[in-house]
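To start, the structure under review is shown below, and the notes come after it.
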Amino acid sequence: MTDMTDIVALDAASWAPALAADAQDLAVRTLEGGGVLVLPRLAFPLAADEQRFLSPRWSDGRAKNISFDRGKLKGARGSADELAALSRMVARFAAEASTLVTTLFPRYAPHVRRARTSFRPQPAVGRAVSWRKDDSRLHVDAFPSRPNQGERILRVFCNVSPDEDRVWRVGESFEAVARRFLPGVRRQIPGEARWLSALHVTKGLRSPYDHLMLGLHDGAKRDLAYQANCTQQVVRFAPGTTWLCFSDQVMHAAMSGQYMLEQTIDLPLTALYDRERSPLAILERLCGRALAAAR
Ligand code: SIN
Ligand code: FE
(Lines give C-alpha, C1' and ligand atoms only; values in the text may rest on other atoms or scores of the structure.)
(Ligands and ions follow the chains in the order given, each with its own letter.)
Protein backbone atom coordinates (compact mmCIF):
# COMPACT_ATOMS: atom_id res chain seq x y z
CA MET A 1 0.00 0.00 0.00
CA THR A 2 1.36 3.40 -0.91
CA ASP A 3 0.12 6.49 0.82
CA MET A 4 -0.57 8.26 -2.45
CA THR A 5 -4.25 8.73 -3.28
CA ASP A 6 -5.31 7.03 -6.53
CA ILE A 7 -6.63 9.30 -9.26
CA VAL A 8 -8.34 7.09 -11.81
CA ALA A 9 -9.87 8.21 -15.09
CA LEU A 10 -12.95 6.53 -16.50
CA ASP A 11 -13.82 6.99 -20.14
CA ALA A 12 -17.56 7.58 -19.84
CA ALA A 13 -19.45 10.33 -21.61
CA SER A 14 -22.96 9.66 -20.34
CA TRP A 15 -24.65 10.20 -16.98
CA ALA A 16 -25.93 6.62 -17.25
CA PRO A 17 -22.88 4.92 -18.74
CA ALA A 18 -22.92 1.26 -19.73
CA LEU A 19 -19.73 -0.10 -18.21
CA ALA A 20 -17.88 -3.33 -18.85
CA ALA A 21 -17.45 -5.47 -15.73
CA ASP A 22 -13.78 -4.59 -15.30
CA ALA A 23 -14.47 -0.84 -15.53
CA GLN A 24 -17.28 -1.21 -12.99
CA ASP A 25 -14.91 -3.05 -10.68
CA LEU A 26 -12.26 -0.41 -11.05
CA ALA A 27 -14.80 2.30 -10.23
CA VAL A 28 -15.81 0.55 -7.01
CA ARG A 29 -12.25 -0.22 -5.94
CA THR A 30 -11.12 3.33 -6.62
CA LEU A 31 -13.98 5.02 -4.80
CA GLU A 32 -14.11 2.78 -1.73
CA GLY A 33 -10.33 2.60 -1.61
CA GLY A 34 -10.27 6.33 -1.00
CA GLY A 35 -9.37 7.42 -4.52
CA VAL A 36 -10.80 10.02 -6.87
CA LEU A 37 -12.71 8.81 -9.89
CA VAL A 38 -12.42 11.26 -12.79
CA LEU A 39 -14.64 11.35 -15.88
CA PRO A 40 -12.84 13.75 -18.21
CA ARG A 41 -15.44 13.40 -20.96
CA LEU A 42 -18.55 13.81 -18.83
CA ALA A 43 -19.68 17.41 -19.06
CA PHE A 44 -22.86 19.00 -17.78
CA PRO A 45 -23.95 21.13 -20.74
CA LEU A 46 -25.72 24.37 -19.93
CA ALA A 47 -28.60 25.49 -22.12
CA ALA A 48 -28.17 28.78 -24.00
CA ASP A 49 -30.29 30.66 -21.46
CA GLU A 50 -28.33 29.10 -18.55
CA GLN A 51 -24.99 30.59 -19.63
CA ARG A 52 -25.99 33.74 -17.76
CA PHE A 53 -25.65 31.83 -14.49
CA LEU A 54 -21.88 31.73 -14.97
CA SER A 55 -21.45 34.90 -12.96
CA PRO A 56 -20.84 35.55 -9.27
CA ARG A 57 -23.68 38.07 -9.26
CA TRP A 58 -26.24 35.35 -8.50
CA SER A 59 -24.80 34.87 -5.00
CA ASP A 60 -26.68 36.73 -2.31
CA GLY A 61 -23.38 37.91 -0.82
CA ARG A 62 -23.92 36.11 2.48
CA ALA A 63 -23.65 32.37 1.82
CA LYS A 64 -20.50 30.94 0.26
CA ASN A 65 -22.43 28.74 -2.15
CA ILE A 66 -25.85 28.62 -3.70
CA SER A 67 -27.51 25.52 -2.38
CA PHE A 68 -30.51 23.51 -3.39
CA ASP A 69 -32.08 21.15 -0.91
CA ARG A 70 -35.52 19.57 -0.88
CA GLY A 71 -36.69 21.80 -3.71
CA LYS A 72 -35.49 25.04 -2.09
CA LEU A 73 -32.79 27.32 -3.47
CA LYS A 74 -30.74 29.22 -0.89
CA GLY A 75 -27.99 31.79 -1.09
CA ALA A 76 -29.08 33.18 -4.47
CA ARG A 77 -30.60 36.45 -5.58
CA GLY A 78 -32.52 37.35 -8.71
CA SER A 79 -36.08 37.75 -9.93
CA ALA A 80 -38.59 34.97 -9.35
CA ASP A 81 -38.20 33.85 -12.98
CA GLU A 82 -34.43 33.88 -12.84
CA LEU A 83 -34.35 31.93 -9.60
CA ALA A 84 -36.79 29.39 -11.01
CA ALA A 85 -34.52 28.88 -14.03
CA LEU A 86 -31.47 28.57 -11.80
CA SER A 87 -33.30 26.04 -9.63
CA ARG A 88 -34.14 23.99 -12.72
CA MET A 89 -30.49 23.93 -13.76
CA VAL A 90 -29.31 22.80 -10.33
CA ALA A 91 -32.14 20.25 -10.03
CA ARG A 92 -31.17 18.80 -13.40
CA PHE A 93 -27.62 18.36 -12.18
CA ALA A 94 -28.88 16.71 -8.99
CA ALA A 95 -30.84 14.18 -11.03
CA GLU A 96 -27.93 13.47 -13.40
CA ALA A 97 -25.46 13.08 -10.55
CA SER A 98 -27.75 10.64 -8.74
CA THR A 99 -28.21 8.63 -11.91
CA LEU A 100 -24.45 8.51 -12.36
CA VAL A 101 -23.95 7.14 -8.85
CA THR A 102 -26.65 4.51 -9.10
CA THR A 103 -25.35 3.43 -12.52
CA LEU A 104 -21.69 3.23 -11.51
CA PHE A 105 -22.47 1.63 -8.14
CA PRO A 106 -25.62 -0.46 -8.48
CA ARG A 107 -25.27 -1.72 -4.92
CA TYR A 108 -25.75 1.84 -3.65
CA ALA A 109 -28.96 2.44 -5.59
CA PRO A 110 -31.53 1.51 -2.94
CA HIS A 111 -29.62 3.50 -0.29
CA VAL A 112 -28.85 6.74 -2.08
CA ARG A 113 -30.14 9.70 -0.10
CA ARG A 114 -29.72 12.91 -2.00
CA ALA A 115 -28.53 15.65 0.33
CA ARG A 116 -27.82 19.18 -0.80
CA THR A 117 -26.73 20.24 -4.24
CA SER A 118 -24.51 23.26 -4.53
CA PHE A 119 -23.65 25.69 -7.28
CA ARG A 120 -20.45 27.59 -6.64
CA PRO A 121 -20.27 30.71 -8.77
CA GLN A 122 -17.55 32.31 -6.64
CA PRO A 123 -13.84 31.75 -7.14
CA ALA A 124 -12.73 28.69 -5.15
CA VAL A 125 -10.36 30.78 -3.07
CA GLY A 126 -10.09 34.43 -2.24
CA ARG A 127 -12.57 35.09 0.52
CA ALA A 128 -10.91 35.59 3.86
CA VAL A 129 -11.98 32.79 6.17
CA SER A 130 -10.76 31.30 9.41
CA TRP A 131 -8.28 28.42 9.15
CA ARG A 132 -11.01 25.97 10.09
CA LYS A 133 -13.17 27.02 7.14
CA ASP A 134 -10.26 27.34 4.75
CA ASP A 135 -10.84 24.62 2.15
CA SER A 136 -7.59 25.46 0.39
CA ARG A 137 -5.99 23.49 3.22
CA LEU A 138 -5.98 19.70 2.91
CA HIS A 139 -8.81 18.13 4.91
CA VAL A 140 -11.35 15.35 5.06
CA ASP A 141 -14.93 16.61 5.29
CA ALA A 142 -16.48 16.58 8.74
CA PHE A 143 -19.20 19.01 9.77
CA PRO A 144 -19.44 20.28 13.35
CA SER A 145 -23.22 20.67 13.35
CA ARG A 146 -24.03 17.50 11.42
CA PRO A 147 -22.74 14.33 13.08
CA ASN A 148 -23.27 11.30 10.86
CA GLN A 149 -22.24 8.27 12.97
CA GLY A 150 -19.94 6.92 10.27
CA GLU A 151 -22.28 7.31 7.33
CA ARG A 152 -20.47 8.16 4.14
CA ILE A 153 -20.27 11.51 2.38
CA LEU A 154 -20.17 10.85 -1.34
CA ARG A 155 -19.73 13.87 -3.59
CA VAL A 156 -20.10 14.34 -7.31
CA PHE A 157 -18.41 17.45 -8.72
CA CYS A 158 -18.57 18.99 -12.18
CA ASN A 159 -16.49 21.85 -13.51
CA VAL A 160 -18.91 23.96 -15.56
CA SER A 161 -16.45 26.77 -16.23
CA PRO A 162 -16.02 27.41 -19.97
CA ASP A 163 -12.30 28.01 -19.71
CA GLU A 164 -10.78 27.48 -16.28
CA ASP A 165 -9.54 24.29 -14.63
CA ARG A 166 -10.57 23.55 -11.09
CA VAL A 167 -7.38 22.73 -9.28
CA TRP A 168 -7.16 20.56 -6.19
CA ARG A 169 -4.41 19.25 -4.05
CA VAL A 170 -5.03 15.67 -2.96
CA GLY A 171 -3.19 14.29 0.04
CA GLU A 172 -2.18 10.96 1.50
CA SER A 173 -4.35 7.97 2.46
CA PHE A 174 -6.97 8.26 5.19
CA GLU A 175 -5.15 5.72 7.32
CA ALA A 176 -1.91 7.72 7.15
CA VAL A 177 -3.80 10.88 8.14
CA ALA A 178 -5.52 9.05 11.00
CA ARG A 179 -2.27 7.59 12.33
CA ARG A 180 -0.69 10.99 12.30
CA PHE A 181 -3.45 13.11 13.85
CA LEU A 182 -5.38 10.74 16.14
CA PRO A 183 -2.89 11.04 19.01
CA GLY A 184 -3.43 14.82 19.11
CA VAL A 185 -7.23 14.74 19.25
CA ARG A 186 -8.50 15.81 22.66
CA ARG A 187 -10.77 13.45 24.55
CA GLN A 188 -14.50 13.93 24.34
CA ILE A 189 -15.76 15.16 27.71
CA PRO A 190 -18.38 12.90 29.36
CA GLY A 191 -21.82 14.38 28.62
CA GLU A 192 -20.40 16.67 25.91
CA ALA A 193 -22.33 15.03 23.09
CA ARG A 194 -25.61 15.30 24.97
CA TRP A 195 -25.04 18.96 25.80
CA LEU A 196 -24.13 19.89 22.24
CA SER A 197 -27.28 18.23 21.03
CA ALA A 198 -29.50 19.76 23.75
CA LEU A 199 -28.13 23.20 22.89
CA HIS A 200 -28.75 22.52 19.17
CA VAL A 201 -25.09 23.01 18.37
CA THR A 202 -25.34 19.60 16.73
CA LYS A 203 -28.24 18.00 14.96
CA GLY A 204 -28.26 14.68 16.81
CA LEU A 205 -25.53 13.19 18.97
CA ARG A 206 -21.87 13.70 18.14
CA SER A 207 -20.54 10.13 18.33
CA PRO A 208 -16.92 9.33 19.21
CA TYR A 209 -16.49 8.80 15.45
CA ASP A 210 -17.75 12.30 14.66
CA HIS A 211 -15.54 13.77 17.37
CA LEU A 212 -12.46 12.07 15.93
CA MET A 213 -13.29 13.08 12.36
CA LEU A 214 -13.55 16.73 13.44
CA GLY A 215 -10.25 16.26 15.22
CA LEU A 216 -8.60 14.99 12.02
CA HIS A 217 -10.15 17.82 10.00
CA ASP A 218 -8.93 20.47 12.43
CA GLY A 219 -5.60 18.79 13.17
CA ALA A 220 -4.64 18.73 9.50
CA LYS A 221 -5.90 22.22 8.67
CA ARG A 222 -4.16 23.74 11.68
CA ASP A 223 -0.77 22.22 10.85
CA LEU A 224 0.94 24.42 8.26
CA ALA A 225 4.09 22.30 8.16
CA TYR A 226 1.97 19.26 7.40
CA GLN A 227 0.05 21.20 4.74
CA ALA A 228 3.31 22.12 3.03
CA ASN A 229 5.23 18.90 3.41
CA CYS A 230 2.85 15.93 3.46
CA THR A 231 2.58 13.52 0.53
CA GLN A 232 0.36 15.28 -1.98
CA GLN A 233 -0.31 15.84 -5.65
CA VAL A 234 -1.92 18.58 -7.69
CA VAL A 235 -4.92 17.45 -9.71
CA ARG A 236 -6.41 19.64 -12.45
CA PHE A 237 -10.02 19.13 -13.48
CA ALA A 238 -10.49 20.68 -16.91
CA PRO A 239 -13.74 22.38 -17.96
CA GLY A 240 -16.34 19.73 -18.75
CA THR A 241 -14.92 17.22 -16.26
CA THR A 242 -16.93 15.35 -13.64
CA TRP A 243 -15.31 13.65 -10.66
CA LEU A 244 -16.43 11.75 -7.56
CA CYS A 245 -14.96 10.82 -4.23
CA PHE A 246 -15.85 10.03 -0.65
CA SER A 247 -14.92 13.42 0.77
CA ASP A 248 -14.91 12.02 4.32
CA GLN A 249 -11.97 9.85 3.23
CA VAL A 250 -10.02 11.72 0.56
CA MET A 251 -7.71 14.51 1.72
CA HIS A 252 -8.58 17.39 -0.59
CA ALA A 253 -7.96 21.12 -0.94
CA ALA A 254 -9.42 23.52 -3.51
CA MET A 255 -6.66 25.72 -4.93
CA SER A 256 -8.36 27.58 -7.78
CA GLY A 257 -11.22 27.56 -10.23
CA GLN A 258 -14.72 28.98 -10.52
CA TYR A 259 -18.14 27.64 -11.46
CA MET A 260 -18.70 24.18 -10.13
CA LEU A 261 -21.74 22.08 -9.40
CA GLU A 262 -21.62 19.59 -6.57
CA GLN A 263 -24.03 16.94 -5.34
CA THR A 264 -23.71 15.43 -1.88
CA ILE A 265 -25.09 11.95 -1.26
CA ASP A 266 -25.38 10.51 2.24
CA LEU A 267 -24.76 6.80 2.11
CA PRO A 268 -25.27 4.35 4.96
CA LEU A 269 -22.44 1.92 5.67
CA THR A 270 -24.61 -1.02 4.73
CA ALA A 271 -24.60 0.24 1.14
CA LEU A 272 -20.85 -0.20 0.75
CA TYR A 273 -19.28 -3.04 -1.20
CA ASP A 274 -16.59 -3.28 1.48
CA ARG A 275 -17.27 -1.46 4.73
CA GLU A 276 -13.88 -2.50 6.13
CA ARG A 277 -12.32 0.24 4.01
CA SER A 278 -14.55 2.98 5.46
CA PRO A 279 -13.18 5.68 7.77
CA LEU A 280 -15.29 4.25 10.61
CA ALA A 281 -13.77 0.78 10.21
CA ILE A 282 -10.26 2.21 9.90
CA LEU A 283 -10.65 4.40 12.99
CA GLU A 284 -12.20 1.56 14.98
CA ARG A 285 -9.23 -0.67 14.14
CA LEU A 286 -6.76 2.04 15.12
CA CYS A 287 -8.60 2.85 18.36
CA GLY A 288 -9.51 -0.73 19.24
CA ARG A 289 -13.10 0.12 20.15
CA ALA A 290 -16.51 0.83 18.66
CA LEU A 291 -16.95 4.49 17.76
CA ALA A 292 -20.54 4.69 16.63
CA ALA A 293 -23.76 2.83 17.23
CA ALA A 294 -23.76 -0.39 15.21
CA ARG A 295 -26.09 -0.34 12.24
C1 SIN B 1 -14.14 21.19 -0.68
O2 SIN B 1 -15.06 20.38 -0.81
O3 SIN B 1 -13.46 21.21 0.33
C4 SIN B 1 -13.88 22.20 -1.76
C5 SIN B 1 -14.08 21.62 -3.11
C6 SIN B 1 -14.01 22.69 -4.18
O7 SIN B 1 -14.47 23.81 -3.92
O8 SIN B 1 -13.53 22.39 -5.28
FE1 FE C 1 -14.08 19.62 1.65
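The values are calculated or read from the model by the stated rules, or taken from the named source; none is laboratory data. For clarity, every value in this text was computed on a predicted model and none was experimentally measured. Please note: Cβ atoms are built from the backbone with ideal geometry, for glycine as well, and neighbour counts cover all protein chains shown. Surface accessibility is based on the protein's heavy atoms, side chains included, excluding ligands, DNA and RNA. Shrake-Rupley method; radii C 1.70, N 1.55, O 1.52, S 1.80 Å.
Tell me the volume per residue, in Å³, of the convex hull enclosing the alpha carbons of the range 176-273.
On the way: hull volume 16.5 nm³, N = 98.
It comes to 168 Å³ per residue, whole-number rounded.
Cα centroids of the range 175-214 and the range 231-247: 28 Å apart.
Per residue, the accessible area of the range 7-287 comes to 45 Å², computed with a 1.4 Å probe over protein heavy atoms only.
Which of these, Arg186, Arg166, Arg57, has the largest mean-square fluctuation under a Gaussian network model of the chain (Cα springs below 10 Å)? In the Gaussian network model the winner is Arg186.
Beta bridges assigned by DSSP with both partners in the chain are antiparallel in approximately 95 percent of cases.
In whole angstrom, how far apart do the alpha carbon centroids of the range 1-38 and the range 73-124 sit? The range 1-38 and the range 73-124 have Cα centres separated by 22 Å.
Under the simplified labelling scheme, the Asp134-Asp49 pair shows an inter-label distance of 4.4 nm, with each label point 7 Å from Cα along Cα→Cβ. Ignoring aspartates and glutamates fewer than eight residues from Lys221 along the same chain, the ones with Cα atoms less than 15 angstrom from its Cα are Asp134, Asp135, Asp141, Glu172, Asp248. Gyration tensor analysis over the Cα atoms of the chain returns equivalent ellipsoid semi-axes of 29, 23, 19 Å (largest first, whole Å). Pick from Ala13, Ala198, Ala142: which residue has the top mean-square fluctuation in a GNM of the chain where Cα pairs under 10 Å get a spring? Greatest mean-square fluctuation among the candidates belongs to Ala198.
Place the peptides 35-41, 5-11 in order of packing, highest mean first, counting for every residue the other Cβ atoms within 10 Å and averaging per peptide.
Values: 35-41: 20.7, 5-11: 17.1.
The densest-packed peptide leads the list: 35-41, 5-11.
Using just its DSSP H runs of length 4 or more, each adding -39500 (n - 2.57), the chain gives a mean residue ellipticity at 222 nm of -8500 deg cm²/dmol after division by all residues. Relative to the longest principal axis of the Cα atoms of the chain, helix 80-104 runs at roughly 60 degrees.
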